[in-house]
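Worksheet for the structure shown next.
Values in this text are rule-based calculations from the coordinates and carry no lab data. Everything numeric in this text was worked out from a predicted model, so none of it was measured. Note that each Cβ is placed from the backbone with ideal geometry, even for glycine, and that neighbours are counted across all protein chains shown.
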C-alpha cells in the first residue's frame with residue numbers, strides 16, 4: 001500500500017468517526033428548558049453550560065470534517081501535500097501528525 005493510499009484510508013476513517021460522533025450528539029445542543037418549577041437555578045446554569053459545550057464540540061467536529069473533505073479532494077486532484085501559500089511540498093512529518101495540513105512550516109510561521 002502506497003503512502004497516499006494509507007493517507008486516504010486514514011482520512012476516510014477520520015471522516016467516518018467524525019460523522020458518527022456528530023450523528024450521536026444531535027440533541028445535546030437543544031434549547032434548555034428554563035421552567036423554574038422543575039429545575040433549580042444552578043441546575044439550569046449547568047444545563048446551559050453543557051449546551052454551550054456541546055454546541056462548541058459540534059462546531060469543532062464540523063470544522064475538522066471540512067478539513068478532512070478538503071484533504072480528500074486534494075488527494076483526488078493530485079494536489080495533496082503542497083502548501084497553499086508557496087506551493088512547496090509540506091514535510092511528511094507534518095502531514096503524519098495532521099493529514100489535513102494545508103501550509104508548510106515556513107508559511108505557518110509567517
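Quick look at the numbers
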{"item": "Using alpha-carbon coordinates, inclination of helix 3-24 to the longest axis of the chain, degrees", "result": "10"}
{"item": "Packing-based order for 61-71, 42-52, using average beta carbon neighbours within 10 Å, highest first", "result": "61-71, 42-52"}
{"item": "Order of 104, 86 - criterion: other Cβ atoms within 10 Å of each residue's Cβ, fewest first", "result": "86, 104"}
{"item": "Using a Förster distance of 41 Å, the FRET efficiency for residue 82-residue 49 (Cβ separation, nearest 0.05)", "result": "0.45"}
{"item": "Likely footprinting exposure, 85, 90, fewest C-beta neighbours within 10 Å first", "result": "85, 90"}
{"item": "Average Cα contact separation per residue, the chain, under 8 Å, 6 or more apart, as relative contact order %", "result": "26"}
{"item": "Potential lengthening between residue 42 and residue 59 on full extension [0.36 nm per residue; Cα-Cα distance subtracted]", "result": "3.6 nm"}
{"item": "Cα long-axis angle, helix 41-77 against the chain (0 to 90 degrees, to the nearest 10)", "result": "20"}
{"item": "Stretchable slack from residue 109 to residue 23, in nm (0.36 nm times residue separation minus alpha-carbon distance)", "result": "27.4 nm"}
